[in-house]
1. Before rounding to the nearest 500, sum -39500 (n - 2.57) across all DSSP H runs of length at least 4 in the chain and divide by the residue total; then give [θ] at 222 nm in deg cm²/dmol.
2. Once you list every other residue whose beta carbon is under 14 Å from the beta carbon of Ala217, what net charge do they have if Lys and Arg are +1 and Asp and Glu are -1?
3. Find which of Gly497, His408, Ala420 sits farthest along the positive direction of the dipole of the chain, computed with +1 on the beta-carbon of Lys and Arg, -1 on that of Asp and Glu, about the Cα centre.
4. How many lysine pairs are close in the chain, with Cα atoms under 22 Å apart and the two 8 or more places apart or on different chains?
5. Of the listed values (i) 0.99; (ii) 1.14; (iii) 0.96, identify the label whose number matches Rg/Rh (Cα atoms, Kirkwood Rh) calculated from this model.
6. Tell me, how many Å apart are the Cα centres for segment 192-242 and for segment 320-379?
7. Could you calculate the FRET efficiency of Glu324 with Asp237 from 1/(1 + (r/R0)^6), where r is the beta carbon distance between them and R0 is 30 Å, rounded to 0.05?
8. Ranked from highest to lowest mean number of other Cβ atoms within 10 Å per residue, what is the order of the peptides 407-418, 71-82?
Amino acid sequence: MLLNDVVAQTLRAHSVEVMFGLMGDANMYIADSFHRLEGGQFIAAANEGGAVLMAAAYASVADDVGVATVTHGAILNCVTGLFEAARGGNPVLVISGDTAREEAFHLQNLPQRDIVVPTGAVYREVRSPDTISVDVAAALAEARARRGPVVLAIPSDFQLAESAARVDAPGAIYPGVTTPMREDLEEVASMVLGAKRPVVIAGRGVSATDALHHVSAFAERLGAPVATTLRGKGLFDDDPFNLGICGTLSHPIASEVIGAADCIIAFGAGLSALTTLKGDLVRGKSIIQIDISAEKIGRFWPATIAVVADAGATAIALTELLDEAEVPPLQGRSDSLRERLAQWHAQDRTERGPDTDLDITGVLQLMDEIVEPDRSLTIDGGRFSHEALRNMTVQDPRFYAHCLNIGHIGLGVSSGIGAAVARPHAPCLVIVGDGGFMLGGLTELNTAVRYGLNVVVCLLNDSAYGAEYYRFIERETDASLTTFEWPSFAAIASSLGAKGIRVTHWSDFDEVRSAVANLDGPLVVEVVLDRDTVPSPGEH
């Protein structure tokens, strides 16, 4: 059997259904073999970096490994995507072509290992045509196990080589549940019972439905309000004592309550510098950190007590201990807090009259309302990001494809495509700025068109690189250097095969609402904003 056919069959045997990539001399037969297999879908990106970002977002939303393939030399275009996947903990396998062994002076003969390893990805090479099935299976397993990117290089002269490798179906994987030790639980219970104002914080590690149910029940039994990390967005939306996102994106009531807490109980939450306000929200408090992955505990802030165990199992056991001790719930879930939170969320902090200008908060709230709740979401980088991260909602944190792990702009549209492929029945809402769209979104918009993906791009156009514009103004330098007179993005979208709508007044959202209700392929909503009214980063 030809090696490229073995690669494709091995991927399918390991339940890989989608491959993203850009074909070239060193990988085109692999892509073709995968495409021809029943159940295999190949998504041809316009740029190799876009393909890796699509695979990373697919991995995040599908909660499985994402696969991309690129030709030799193209690994240079993948560096940003590899960094993003590594920082985001997204399991991605990149099958990279390499130059033929005998072509030492090939133009694209690059030191791929030296390029890949600094990104945080693992670099592997296929040993021979006869080991290809084992090599691919091992790379997939490593990406899944370490929840990060793995690059597997295959020399171009291997592609059409005959292989004696046998494709075996993988054995069943039983993840199991790590049950907390009794002595750990008693230590946690003792600390919790000594607290007066505990807060429960949950992260992406609590996204499984049963774990969320048990963590919610524990917080209610304890009498503590709840909050989430950014990547846990949406976990407690039905809880009247949900403080929302903890950290730099907290609203004033959340900052007050979390700041006054004396004990933080973190389930599946990394407690990064952004979540803890560089430690300001947790300094001097008792920190109980519970995570099934030992390497995530204490990574950003030291835990007073660490429990390496499943979040749901630990929450059940802690609730049982509270019941055994017949401890009454604390007063953290008071009627006054419930009312304050309800009033905060009920406030309409925007004016949308016929004579009022568009404001970014109102625009985001409208888009959040217009695009159906059962959607995926990705938010690009830019001056608008803080407002978008605060205002945009998801029903499940697994539907949020985070692409701000390295703070780059221009990654949102590619990530949105990966999310849309992972959940083809649901639209994906992408929030992006004008600069980010020109940097990366324009490259891949037609990819969404070619595959008929229901991607709704809300493009916030303030005709500037906004963060830089703000800093130039602040330092009294020439801000015109950061401004641009772009062409009409709505017209560009239409020329690329998408539907484009240009919004300059609140009434234009009537057309947006109609277009979303009848969505059939990509939609670009270009919202024209006054650059001087967009909040600076960090403003509330």
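1. Rounded to the nearest 500, the figure is -10500 deg cm²/dmol.
2. Counting the neighbours of Ala217, the net charge comes to -4.
3. Of the listed residues, the answer is His408.
4. Within the chain, the lysine pair count is 5.
5. (i)
6. One Cα centre to the other: 15 Å.
7. For R0 = 30 Å, the calculated efficiency reads 0.45.
8. Output ranking for 407-418, 71-82: 407-418, 71-82.
Read the figures in this text as sums done on the coordinates, not as results from a lab. Note that the structure is a prediction, hence the values are computed from the model and not measured. Using ideal geometry, Cβ is built from the backbone for each residue, glycine included, and neighbour counts are taken over all protein chains shown.
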